[in-house]
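Below you'll find the structure, written out as structure tokens, and then a few comments.
The values are calculated or read from the model by the stated rules, or taken from the named source; none is laboratory data. In this text, all values refer to a predicted model and were calculated from it rather than measured experimentally. Using ideal geometry, Cβ is built from the backbone for each residue, glycine included, and neighbour counts are taken over all protein chains shown. These accessible areas exclude ligands, DNA and RNA; they are computed on the full protein's heavy atoms, side chains included. Shrake-Rupley method; radii C 1.70, N 1.55, O 1.52, S 1.80 Å.
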Amino acid sequence: MQYIVCDQPGSFSIREKEKPVRQPGQALLKVLKVGICGTDIHAYGGNQAYFTYPRILGHELAAEVVEIEDHSNIDVGDRVAIMPYVSCGKCGACRSGKTNCCSSISVLGVHVDGGMQEYMVIDTSLLLPANHLSLDEIMIIEPLAIGAHAMRRANIQVGETIVVVGAGPIGMGIAKLSQLAGARVILMDMNHDRLNYAEQELGITYVVNVRHQPLESIKKWTNGELADAVFDATGHKGALEQGIQYMGHGGRYILVGLSKGDLTFNHPQIHAKESTILCSRNANRIDFEYVMKALPAFPSQSYITHSCDYEEINKHFESWIKPDAGVMKAYLNFDK
Ligand SMILES: [Zn+2]
Ligand SMILES: [Zn+2]
């Protein structure tokens, strides 16, 4: 079987190896689609923290079961989604159900090899049966689950106003899922094309360019009260430090994007609002299940913009990662 490996920054190779052998408690899967994400782009670019090469990337996966134990609730031939977070099950976080931030978490395609291969074995406990969804829908469950987890952290209620800063795949996911859940959504970015896209293709009601006095627009749209919750989906230090100003008194500020160093907030300002500042990391099974229920109403076809057969990765990858390429979500097709 073939697989794609990132040997070193800036290089993918397609190689051959033996099909993996399933161990007890595992399933053998045929990989069908692999979404490309910021993590993969950082790994390719050589600026992903805690990353070692060579590594098989890919953690946004749609697959079909080839072999599985009899007593499982999933059968051979079933389509599955995969939770790519391997947790220890023993640490304090795991014991309290927060496997998403396990102290020794291992993410497929980051800390261990991921899904850019024709076949893979994986613990049955990480699979979710998904026969009722299309392969496109299954492939985008993981990035949307990151957003669903952030929404759950923020405890978003019907009728609340939220601001999402950053109109990449994660920010768009938070914005659209929150809108579907009954929130009033304001989406912010510095890229005009992305905002246009969010407005026209995803139907986001309020979009504002960060270069055009966004605070004034947000005040206008909220009668001066500002947002109940603000999500940062940029991971940029400047945006992370600025974003909290869009939050109203008593609000929540949710850090979804990850920056590399220290952040500074003015204490009197955050104290006056009794700010709740939350980080949101990965996702839990409940978030995956939430997304799987929400997906039929989610405009998946607009969210996915680019694809190619996996053998053509080197022909397309460089162009996909250019900021002006208009890529929202791209995937590699292994389905043949
Ligand atoms: Zn991802
Ligand atoms: Zn753990």
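Classify the stretch 250-294 as rounded, prolate or oblate from the Cα gyration tensor: take a ≥ b ≥ c as the square roots of its eigenvalues, call it rounded if a/c is under 1.5, otherwise prolate when a/b beats b/c and oblate if not. Spell out each step's value before the answer.
Details: a/c = 4.68, a/b = 1.89, b/c = 2.47.
The shape class here is oblate.
Pop the C-beta distance of K322 and N155 into the FRET formula with R0 = 35 Å and round what comes out to the nearest 0.05.
Plugging the Cβ-Cβ distance into 1/(1 + (r/R0)^6) gives 0.40.
Under the classification rounded if a/c is under 1.5, otherwise prolate if a/b is larger than b/c and oblate if not, where does the stretch 134-197 fall, given a ≥ b ≥ c as square roots of the Cα gyration tensor eigenvalues?
Values: a/c = 1.85, a/b = 1.04, b/c = 1.78.
The shape class here is oblate.
Residue-wise, which Karplus ³J(HN,Hα) couplings in Hz belong to the stretch 286-295, taking 6.51 cos²θ - 1.76 cosθ + 1.60, θ = phi - 60°, and x for glycine or proline?
Values, residue by residue: 4, 6, 4, 5, 4, 5, 4, 6, 7, 4 Hz.
Ignoring any ligand, DNA or RNA, what whole percent of the accessible area of the stretch 146-279 comes from carbon and sulfur when the probe is 1.4 angstrom? Could you put the intermediate results ahead of the total?
Working: 3140 of 6400 Å².
After summing per-atom areas, the C and S share lands at 49 percent.
Applying a 10 Å radius around every beta-carbon, put 16-28, 36-48 in order of their mean neighbour count, most first.
On the way: 16-28: 13.4, 36-48: 18.1.
Answer by packing, highest mean first, reads 36-48, 16-28.
At 0.36 nm per residue, and after removing the present C-alpha to C-alpha distance, how many nm does the segment from E199 to F265 gain when stretched out fully? Walk me through the numbers on the way to the answer.
Working: separation 66, 0.36 × 66 = 23.76 nm, distance 3.11 nm.
Extending this stretch completely gives an extra 20.6 nm.
Mind checking which lysines have their C-alpha under 19 Å from K90, skipping anything on the same chain fewer than 8 residues away?
K98
Give the shape of the stretch 155-255 as rounded, prolate or oblate, defined through the alpha-carbon gyration tensor: a ≥ b ≥ c are the square roots of its eigenvalues, a/c under 1.5 means rounded, and otherwise the shape is prolate if a/b is larger than b/c and oblate if not. All intermediate terms of the calculation are to be shown ahead of the outcome.
Values: a/c = 1.30, a/b = 1.09, b/c = 1.19.
Rounded, since a/c falls under 1.5.
Could you provide, to the nearest whole Å², the per residue accessible area of the stretch 79-157 with probe 1.4 Å?
35 Å²
Send over the semi-axes of the chain's equivalent ellipsoid, whole angstrom and largest first, taken as the square roots of 5 times the C-alpha gyration tensor eigenvalues. Mind dumping the intermediate values first?
Working: eigenvalues 236, 91, 73 Å².
Three semi-axes, in Å: 34, 21, 19.
Ordered by packing density, taken as the mean number of other Cβ atoms within 10 Å over each peptide's residues, highest first, how do 198-205, 73-80 rank?
Taking the mean over residues of other Cβ atoms within 10 Å, the ranking is 198-205, 73-80.
Using 0.36 nm per residue of separation minus the Cα-Cα distance, give me the extension gain between L135 and H306 in nm, one decimal.
Details: separation 171, 0.36 × 171 = 61.56 nm, distance 1.46 nm.
Additional length available on full extension: 60.1 nm.
Which residue fluctuates the most in the chain, going by a Gaussian network model with Cα springs under 10 Å, if the choices are S72, S280, S87?
Looking only at S72, S280, S87, the largest GNM fluctuation is found for S72.
Using just the helices of the chain, give the 222 nm mean residue ellipticity in deg cm²/dmol: DSSP H runs with n ≥ 4 each add -39,500 (n - 2.57), and the total is spread over all residues, rounded to 500. Intermediate results must be reported in sequence, preceding the final value.
Values: 12 runs with 94 residues, N = 336.
It lands at -7500 deg cm²/dmol.
Once the Cβ-Cβ distance between R15 and H236 is put in as r, and R0 is 22 Å, what FRET efficiency do you end up with, to the nearest 0.05? Spell out each step's value before the answer.
Numbers: r = 36 Å, r/R0 = 1.62.
Efficiency, rounded to the nearest 0.05: 0.05.
Please give every one of the lysines within straight-line cross-link reach of K260, meaning a C-alpha to C-alpha distance under 17 Å, and leave out same-chain neighbours fewer than 8 residues apart.
Reachable lysines: K237.
What is the chain's relative contact order, in percent, from Cα pairs under 8 angstrom and six or more apart in sequence? If you can, show how the numbers build up before the last one.
Numbers: 715 pairs, mean separation 58.5, N = 336.
So the answer I get is 17 percent.
Compute the FRET efficiency between N209 and H71 as 1/(1 + (r/R0)^6), taking r as their Cβ-Cβ distance and R0 = 51 Å, and round to the nearest 0.05. It would help to have the intermediate numbers written out before the result.
Details: r = 55 Å, r/R0 = 1.07.
Approximately 0.40, to the nearest 0.05.
Based on the mean of other Cβ atoms within 10 Å per residue, sort peptides 117-125, 153-161 so the most packed one is first.
Numbers: 117-125: 19.1, 153-161: 16.8.
My ranking of the peptides, most packed first, is 117-125, 153-161.
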